[in-house]
Amino acid sequence: MPGSLHDDARRLLDDVERFLRQDEELNGPLLLDPRRPEASVTAKRSDRAAMAPKLFGASPSLPAYPPEPWTASSTLEELRTAICECQKCPLGKTRTKFVFGVGNPRADIVLIGEAPGADEDLQGEPFVGRAGQLLNKIIEAVQFKREEVFICNILKCRPPNNRQPAPEEIEHCEPYLWRQLELLQPKLILCLGLTAGQALLKTKESLGKLRGQWHSYCGIPTMVTFHPAALLRNPNWKRPTWEDVQAFRKRYEEMVKK
């Protein structure tokens, strides 16, 4: 095996073991542990399109990547260039700009919303309107900076009139998010709003049941809280949001100390 491929395989094994340890901490031991010798994670790069994304290998509920060239992207910028002209669904024809995501390519923290709004569609950057300004204040209040985290959405294009994402739109767009997370390898995920939480966690539970506790998204500790736009409509939700992000910060500090 060439040296570079061997190194890639070693890093892959290390990543899988790290995420499995996180998953076991949250959910208990797995019945089938991919760390056993019979569970191979050293498939060739050319076979990647037929594999489940390696970050998500411990979750058989997720399908494989589509057999498309962008799945081999090795950096976020390479991925953005490969997918920014996407026309898989009608949103590709109605968007102004493709909204890939923004932030630190080595971020420990990823914040995920549902879809771009009008301001985001015009500027090509997530969370830049009034909700984005509030989000900046929220994360700064728990000692994160916007440039330190990575911010993105389930969908990369704005649905007309800011309607909720349709299931088929999520189906087409979510694999892009898989690859983003695979490249970022975050320690924690914060879902902003019910739509993002339901899409990632594959659940129909209400926000009241999802927030205030930890979930596991393919081995990554994940929390769901209110979308900043919802806080602009209902300021009474700011207190529970504050409680959520304080717990999020505490978990992050615990993880970086290990």
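Each value in this text was obtained by applying a stated rule to the coordinates, not by laboratory testing. None of the values given here were measured: they were computed from a predicted structure. As a convention, Cβ positions derive from the backbone with ideal geometry for all residues, glycine included, and neighbour counts pool all protein chains shown.
Peptides 105-112, 77-84, 230-237, 131-138: what's the order by average Cβ count within 10 Å, highest mean first?
Numbers: 105-112: 20.2, 77-84: 16.0, 230-237: 12.9, 131-138: 18.4.
Going by the mean number of other Cβ atoms within 10 Å, highest first, we get 105-112, 131-138, 77-84, 230-237.
Cross-link candidates for K257: which lysines have Cα within less than 23 Å, leaving aside residues fewer than 8 places away along the same chain?
K257 reaches K145, K187.
Of all the C-alpha pairs in the stretch 70-257, what % are more than 20 Å from each other?
Working: 8950 of 17578 pairs.
For the stretch 70-257, the share of Cα pairs beyond 20 Å comes to 51 percent.
For the stretch 70-257, with only Lys/Arg (+1) and Asp/Glu (-1) charged at the beta-carbon, what is the dipole magnitude about the Cα centre, in debye rounded to 20?
Numbers: 26 positive and 22 negative charges, 98 e Å.
The dipole of the stretch 70-257 has a size of about 480 debye.
How big is D, in µm² s⁻¹, for the stretch 118-202 by Stokes-Einstein at 10 °C and 1.306 mPa s if Rh is the Kirkwood radius over C-alpha pairs? Let's see the in-between values first.
Working: Rh = 14.0 Å.
D = 113 µm²/s.
Straight-line reach from K204: which lysines have a Cα under 24 Å away, not including same-chain ones fewer than 8 places off?
Those lysines meeting the cut-off are K156, K238.
Could you work out how far apart the two model spin labels at Q213 and T81 are, taking each label as a point 7 Å from the Cα in the direction of the beta carbon, and quote it in nm?
Output for this residue pair reads 4.5 nm.
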